[in-house]
Amino acid sequence: MADPLNLVKPGDLISAELINAIIQLLNALATTSGGPNVVPNLFSRTLLDVKALLAQSGGNLQLALSMDASGLVVNLNDPKNNARPVIGQIPTPGTRVPDGTGIHLLIATIAGSTPTPAAKPIISGFSPLTPNIGTEVQIVGENFDAVRTNNTVTFDGTVAAPPSNASSRYSLFVVVPSVANPPAAGQQKTVTVVVSNPAGTTSSQLIILGPTGTPLPSITPFSIANAPLGGELVINGQNFGSTLTNIRVFFDDQPRDGTSGTPIGVQPLGTSTLPGRLVVTIPTSLTGINLPGDSKFISIKVRVGTAMSPTQALEIYKP
């Protein structure tokens with residue numbers, strides 16, 4: 001018999017034979033699309049029931065890495081877990097999958113079980129090693145909170161301003177506050193730096209110097225979300241001075257001198273308005289931003305003479 005779907009012509013009436021042929025083809029498509037196995041509904045079944053049900057598939061469907069609602073990995077081979085009910089699954093029920101597909105389960109938490117606690121913060125170093133009061137110091141370490149304002153930093157008990165948006169889980173950028181009995185200009189003092197966040201507290205010793213006596217430049221947090229390589233960037237802030245040739249802007253300590261590798265920065269454009277507004281061209285080549293669509297958060301600093309501003313971060317992308 002000829003395929004009725006090939007016999008349809010414009011203006012033809014739809015016959016029962018044609019409808020049945022369409023239904024048959026749709027059923028055949030549903031059987032083959034995605035794979036021959038239909039994922040069963042495992043919600044509310046115990047782990048023991050799930051094992052028995054999947055065994056009926058002849059091994060075509062298998063249990064894969066599974067966790068409980070506390071985020072703990074569940075040992076599927078431990079008989080103590082057999083009575084625990086399933087409260088979620090991937091793939092979802094009714095999905096057609098190929099042979100050998102693993103089924104991931106979300107299993108109810110055992111009373112009294114808790115997630116693995118977050119590791120407490122660790123301080124491994126500082127940059128620079130001896131910062132002045134009022135200047136920025138980078139606290140290097142690990143396990144800092146990803147939400148920068150959840151990290152509280154104190155210097156001999158004096159709370160510093162919240163870390164800048166250039167901070168991460170591995171470094172915090174803070175301005176050294178004026179501590180009790182601060183060192184005078186040209187003098188130094190050893191202080192205890194404490195970092196606290198919801199996971200715990202850590203401390204380390206740091207030598208700080210007295211204030212420089214020169215107002216430091218500062219960058220106002222950027223109001224834009226990102227900017228392109230080669231584009232113009234407006235930097236608002238304070239204490240940029242009155243001479244453009246005395247100002248350099250650094251993007252992750254780039255650009256650098258091609259011979260010595262020393263950071264040389266970018267001189268602001270003539271459209272800048274001193275002392276509070278700089279306009280610069282973002283370098284067209286920054287490390288880690290190579291292909292169209294690439295992006296990276298870049299630490300931006302302004303140096304006026306020898307005075308360096310605290311860091312502000314901005315996402316830079318390649319168009």
Using Cα-Cα distances under 8 Å and only pairs 6 or more residues apart, what relative contact order does region 223-278 have, in percent?
39 percent
By average C-beta atoms within 10 angstrom, highest first, the peptides 75-81, 87-93:
87-93, 75-81
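Could you give the length gained on full extension between LEU244 and THR201, defined as 0.36 nm per residue of separation minus the Cα-Cα distance, in nm? Each step should come with its number before you reach the end.
Values: separation 43, 0.36 × 43 = 15.48 nm, distance 4.33 nm.
Net length gain for the segment: 11.1 nm.
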Report the net charge of residues surrounding LEU105, where surrounding means a beta-carbon distance below 15 angstrom and charges are Lys +1, Arg +1, Asp -1, Glu -1.
0
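Starting with the fewest neighbours, write out SER44, SER171, SER204 ranked by other beta-carbon atoms found within 10 Å of each beta-carbon.
Values: SER44 10, SER171 19, SER204 16.
So the ranking, lowest neighbour count to highest, is SER44, SER204, SER171.
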Residues with amide H under 5 Å of ILE235's amide H, sequence separation 5 or more or different chain, H placed in the peptide plane at 1.01 Å from N; which?
LEU278, VAL279, VAL280
What ranking, highest mean first, results for peptides 144-153, 246-255 when packing means the other Cβ atoms within 10 Å averaged over each residue?
246-255, 144-153
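Listed highest first by mean packing, meaning other Cβ atoms within 10 Å per residue, what order do 260-270, 309-319 come in? Write out the running numbers ahead of the final one.
Working: 260-270: 13.8, 309-319: 18.9.
Ranking the peptides 260-270, 309-319 by packing returns 309-319, 260-270.
What is the magnitude of the charge dipole of region 69-172 about its Cα centre, with +1 placed on the Cβ of each Lys and Arg, -1 on the Cβ of each Asp and Glu, and no other charges, expressed in debye to the nearest 20? Can you show the working numbers first?
Working: 6 positive and 6 negative charges, 68 e Å.
Result for region 69-172 is approximately 320 debye, rounded to the nearest 20.
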Whole-angstrom gap from region 133-172 to region 174-245, using each part's C-alpha centre
10 Å
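If we count every other residue with Cβ under 11 angstrom of GLN312's Cβ, Lys/Arg +1 and Asp/Glu -1, where does the sum land?
Here the count lands on 0.
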Nearby aspartates and glutamates by direct alpha-carbon distance to LYS120 (threshold 14 angstrom, same-chain neighbours under 8 apart not counted)
GLU142, ASP145
Report relative contact order for the chain in percent, whole number only (criteria: Cα-Cα under 8 Å, sequence separation at least 6).
12 percent
Which of SER309, GLN187, ALA225 sits farthest toward the positive end of the charge dipole of the chain, with +1 on the Cβ of Lys and Arg and -1 on the Cβ of Asp and Glu?
GLN187
Collect residues whose amide H, placed 1.01 Å from N in the peptide plane, falls under 5 Å from the amide H of THR101; neighbours closer than 5 in sequence don't count.
GLN62
Using 0.36 nm per residue, how much length does the chain from GLU142 to VAL38 gain when fully extended, once their Cα-Cα distance is taken away?
32.9 nm
Lysines whose Cα lies under 16 Å from that of LYS318, excluding same-chain neighbours fewer than 8 positions away
LYS296
Using θ = phi - 60° and the Karplus relation 6.51 cos²θ - 1.76 cosθ + 1.60, list the HN-Hα couplings for region 207-213 in order, rounded to whole Hz, with x at every Gly or Pro.
8, 10, 10, x, x, 6, x
From the C-alpha coordinates alone, can you work out the Kirkwood hydrodynamic radius of the chain, in Å?
25.5 Å
Would you kindly derive the ³J(HN,Hα) couplings of region 284-290 from the backbone phi angles with the Karplus curve 6.51 cos²θ - 1.76 cosθ + 1.60 (θ = phi - 60°), listing them in order in whole Hz, with x for Gly and Pro?
7, 10, 10, 4, x, 10, 10
Using +1 on the beta carbon of Lys and Arg, -1 on that of Asp and Glu, and nothing else charged, what's the dipole of the chain about the Cα centre, debye to 20?
580 debye
Straight-distance crosslink candidates among lysines, where the alpha carbon sits under 28 Å from LYS51 and sequence neighbours closer than 8 are dropped
LYS80
Using each residue's phi in region 260-273, evaluate 6.51 cos²θ - 1.76 cosθ + 1.60 at θ = phi - 60° and report the 3J(HN,Hα) Karplus result to the nearest Hz, with x for Gly and Pro.
8, x, 6, x, 10, x, 10, 7, x, 7, x, 7, 5, 10
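None of the figures in this text is laboratory data; all of them are computed from the coordinates on show. All figures in this text were calculated on a predicted structure; none of them were measured in a lab. When we count neighbours, we look across all protein chains shown, and the Cβ atoms used for this are built from the backbone with ideal geometry, even at glycine.
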